[in-house]
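Computed from the coordinates by the stated procedures, all read-outs in this text should not be read as laboratory data. In this text the structure is predicted, and so the values were computed from the model without any measurement. Cβ coordinates were reconstructed from backbone atoms using ideal geometry, including for glycine residues, and neighbour counts include every protein chain displayed.
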Amino acid sequence: MPTSPRRLALVPEPHPGESLLSWVDALAHLNQVSRLHALRLAGFARPDATGYRPTVYFGAYLTAETTTRVQAATGLSADRQREMTLAHYADGVLPTLPSPRPSGPPPSG
């Protein structure tokens, strides 16, 4: 049965310009858990996911589904989450970021 993440009591306020991974580390430190456990608690992993590992796009993009889970678990708005990703800097100090590939095997050829 799917469950929604619980709202965490201890959530640090992100510093201006802080990266997503730095904020997750602060969350882990504040809650005295590992980084991986903090990622799960904050909603970066689906509740039914086993063996979760962040994708190569972690820190660059957040899906709408992930953003919704993280907001429910931490209270951090979607805009604030996006500000901590590289996508926030695309078309500014960074060039346009490529779109993430869908899950599954890489294309052949």
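When averaged across all projection directions, what area in nm² does the alpha-carbon convex hull of the range 20-89 cover? It would help to have the intermediate numbers written out before the result.
On the way: hull surface 17.5 nm².
Answer in nm², one decimal: 4.4.
Residue-wise HN-Hα couplings along the range 53-61, as the Karplus relation 6.51 cos²θ - 1.76 cosθ + 1.60 with θ = phi - 60° gives them from phi, are 9, x, 6, 5, 8, 4, x, 9, 9 Hz; Gly and Pro carry x. Scalar couplings 3J(HN,Hα) for the range 62-67, obtained by applying the Karplus form with A = 6.51, B = -1.76, C = 1.60 to θ = phi - 60°, are 10, 6, 4, 4, 5, 4 Hz; x denotes Gly and Pro. Relative contact order for the range 1-91: 35 percent, from Cα pairs under 8 Å spaced at least 6 residues apart, divided by residue count. In this rough spin-label picture, where each label sits 7 Å from Cα along the Cβ direction, the Thr55-Glu13 distance is 3.2 nm.
What FRET efficiency do you get for Arg80 and Leu36 if R0 is 30 Å and r is their Cβ-Cβ distance, rounded to the nearest 0.05? Walk me through the intermediate numbers first.
Numbers: r = 22 Å, r/R0 = 0.74.
Once rounded, the FRET efficiency stands at 0.85.
Less than 11 Å Cβ to Cβ from Pro12, Lys/Arg counted +1 and Asp/Glu -1: what total charge do the surrounding residues give? Don't skip to the end; give the middle numbers.
Values: positive: none; negative: Glu13, Glu18, Asp25.
Local charge sum for Pro12: -3.
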